[in-house]
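The structure appears below as structure tokens.
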Amino acid sequence: MKTKMMTTVAAGAILASGLSTAAQAEDLTLCWAAWDPANALIELSKDFEEQSGHNMSFEFVPWTSFADRMLNELNSGGQLCDLMIGDSQWIGGGAENGHYVKLNDFFDANGISMDDFIPATVTGYSEWPKNTPNYYALPAFGDVVGWTYRKDWFDRPELKAEFKETYGRDLGVPASLGELKDIAEFFQGRDIDGTTVYGAAIYTERGSEGITMGVTNALYNYGFLYENPDQPYDLDGFVNSAGAVEGLEFYKELYDVGAPPGSSNWYMGENIDAYRSGQVAMQMNFAFIWPGVEADENVGSGKSGYFPNPAGPTGQFAQLGGQGISVVSYSEKQDAALEYIQWFAQPEVQAKWWELGGYSALKAVVEDPSFATSQPYAQTFLDSMAIVKDFWAEPAYADLLIPMQERIHNYVVAGDGTAQDALDGLVRDWVEVFEDEGKL
């Protein structure tokens, strides 16, 4: 009888001689979000089923309820999921609460090196504590917030001439967040081919993580820090610094002058819909949407362009998305689940993952000379992954996210109080969380 929790030594010994053919096929369930990349993973996994003899099932949950559903599953010790592609911010809780199997010995035994993956994805998806060689996931899907724009609109001579006259520069990919706001304001309420269009679809959703994943792309570039770099959990003067206040004010201004009417609770899906239907000149969104943009008859085939999140006054950063794949410690099929991890890590599998619309984090794929020109958005993906930062990955992640969602939305969308009030309040909320955690 298999023990419920596998040791990392046992895990490492399973596949030391290569991908095995199981004596008895098992049914594995992989849990992830319900989105386009999940469909690509189903297709990719058919090769694993053929090679291993195991059967794959999938539990995909919409992003708006993904965290609630899957964190409840982990916290209850549920056995629904053998493999979990959990969000990057869950890695601390997954490790400290014993939800994920530690993979170090397994990686060592099977020649899987974290040096072979994009460094930001190792830190973001696999490590806990951060910047230590303790691994609880294999980087599975590299993702980052970037921008899509209507290149065909930007190239119209009459619009280029008007923009040049108004702003004194060419209409093109913005070099700064300030320039991005100018472009959004330029397109706001404009008539294009008989349709009123708007500047930019940005993240404003309140119920899960949306506005946090949006506003950080401004905050980081204006000087916001989660904590004192020299003193962990020292927040005052960093979360609510003068630069952070200015960044939050910028995001509200962008919303006020460039967002479509009625976009007070938008996240990934709403932004995609607005862009594909021709409502906006630009959209903020995670890079996972770009294959779908290219395939869309309305906005693909050269009509769209892509650019990384522009710089602000103090730097150029972008909000990390993406996930690692972990073996759930409550699974009774850990041997087979580890076979999947080993199979998925292979360079040829990772190359096919990219071809199908997944975003590989393996250096052998993304550093191949042909990668940057393999898709119109490939270079933007590389440039964006080089500038990422991430939200808290603490075990108390959810308790840290909730007040940020509330305070940022209340200020940006509802117009309550000032940016300074919002960030000062956030410091108080987060200090209380860390006091409850015994970290202050």
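Filtering the range 245-273 to residues that are closer than 20 Å to Asp416 by Cβ, open to solvent by less than 30 Å² (accessible area, probe 1.4 Å) and of a type in the set (A, V, I, L, M, F, W, C) leaves Val245, Leu248, Phe250, Leu254, Ala259. Which condition does Leu426 not pass, out of (1) under 24 Å from Ser264 (Cα atoms); (2) of a type in the set (A, V, I, L, M, F, W, C); (3) outside the structural domain of Gly210 (by TED's automatic domain parsing), if it passes all the others? (3) is the only condition that Leu426 fails. For the range 135-191, name all the residues that are open to solvent by 30 Å² or more (accessible area, probe 1.4 Å) and of a type in the set (Phe, Trp, Tyr). Those that are open to solvent by 30 Å² or more (accessible area, probe 1.4 Å) and of a type in the set (Phe, Trp, Tyr): Tyr135, Tyr136, Tyr167.
Rundown of residues vs (1) in contact with a Leu (Cβ under 9 Å, 6 or more places away or on another chain); (2) outside the structural domain of Asp182 (by TED's automatic domain parsing), yes/no style:
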{"site": "Glu294", "(1), (2)": "no, no"}
{"site": "Lys303", "(1), (2)": "no, no"}
{"site": "Pro310", "(1), (2)": "yes, no"}
{"site": "Pro313", "(1), (2)": "yes, no"}
{"site": "Ala337", "(1), (2)": "yes, yes"}
{"site": "Ala351", "(1), (2)": "yes, yes"}
{"site": "Leu356", "(1), (2)": "yes, yes"}
{"site": "Lys363", "(1), (2)": "no, yes"}
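In the range 156-186, what count of residues is obtained for those that are assigned to a loop (DSSP other than H, G, I, E, B) and basic (Lys, Arg)? Of the residues in the range 156-186, 2 are assigned to a loop (DSSP other than H, G, I, E, B) and basic (Lys, Arg). Does at least one position in the range 196-212 carry a residue that is aromatic (Phe, Trp, Tyr), touching a residue at least 12 places away in the same chain (Cβ under 8 Å) and within 20 Å of Leu320 (Cβ to Cβ)? Taking every residue of the range 196-212 in turn, at least one turns out to be aromatic (Phe, Trp, Tyr), touching a residue at least 12 places away in the same chain (Cβ under 8 Å) and within 20 Å of Leu320 (Cβ to Cβ). Within the range 95-131, track down each residue that is part of a loop (DSSP other than H, G, I, E, B) and farther than 20 Å from Lys389 by Cα. Hits for the range 95-131 are Asn97, Gly98, His99, Val101, Lys102, Leu103, Asn110, Gly111, Ile112, Ser113. I need the full set of residues from the range 43-63 which are among the polar types (S, T, N, Q), outside any strand (DSSP E or B) and open to solvent by 10 Å² or more (accessible area, probe 1.4 Å), in order please. Answer for the range 43-63, where residues must be among the polar types (S, T, N, Q), outside any strand (DSSP E or B) and open to solvent by 10 Å² or more (accessible area, probe 1.4 Å): just Gln51. Does Gln79 count as at pLDDT 95 or above and of a type outside the set (Val, Ile, Thr)? When the stated conditions are applied, Gln79 passes them. For Thr204, the test of being open to solvent by 30 Å² or more (accessible area, probe 1.4 Å), outside any helix (DSSP H, G or I) and either of a type in the set (S, T, N, Q) or modelled with pLDDT under 95 (or both) is failed. Among the residues of the range 350-361, those that are open to solvent by 10 Å² or more (accessible area, probe 1.4 Å) and not aromatic (Phe, Trp, Tyr) comprise Ala351, Lys352, Glu355, Leu356, Gly357. Residues in the range 64-89 that are open to solvent by less than 20 Å² (accessible area, probe 1.4 Å) and within 21 Å of Glu270 (Cβ to Cβ): Phe66, Asp87. All conditions in (1) of a type in the set (Gly, Ala, Ser); (2) over 30 Å from Phe344 (Cα atoms); (3) in contact with a Ser or Thr (Cβ under 9 Å, 6 or more places away or on another chain) hold for Gly172, with the sole exception of (3).
Pairing residues of the range 328-340 that are farther than 20 Å from Leu44 by Cα with residues that are open to solvent by 10 Å² or more (accessible area, probe 1.4 Å) and assigned to a helix (DSSP H, G or I), at Cβ distances under 6 Å and at least 6 apart in sequence or on separate chains, gives no pairs at all.
Give all pairs with beta carbons closer than 7 Å in which a residue from the range 144-158 that is under 23 Å from Leu382 (Cα atoms) meets a residue that is open to solvent by 60 Å² or more (accessible area, probe 1.4 Å); count only pairs at least 6 apart in sequence or on separate chains. Short answer, once both residue conditions are applied: Arg150/Lys303; Lys151/Lys303. As for the range 394-413, it holds no residue that is assigned by TED's automatic domain parsing to the domain that holds Ile211, of a type in the set (S, T, N, Q), open to solvent by 50 Å² or more (accessible area, probe 1.4 Å) and in contact (Cβ under 8 Å) with a residue 24 or more places away in the chain. On the basis of being out of contact with any strand residue (DSSP E or B) (no Cβ under 9 Å at 6 or more places or on another chain), of a type in the set (D, E, K, R) and not assigned by TED's automatic domain parsing to the domain that holds Trp63, does Glu227 make the cut? Criteria met by Glu227. Selection of helices (runs of 4 or more DSSP H) fully inside the range 339-400 by the criterion of at least 2 residues being under 16 Å from the mean Cα position of the chain (by Cα) returns 378-385.
The values are calculated or read from the model by the stated rules, or taken from the named source; none is laboratory data. From a predicted model like this one, the values you see are computed outputs, not experimental measurements. Methodologically, a virtual Cβ is constructed for each residue, glycine included, from the backbone with ideal geometry; neighbour enumeration extends over all protein chains shown. For accessibility, only protein heavy atoms count, side chains too; no ligands or nucleic acids. Shrake-Rupley method; radii C 1.70, N 1.55, O 1.52, S 1.80 Å.
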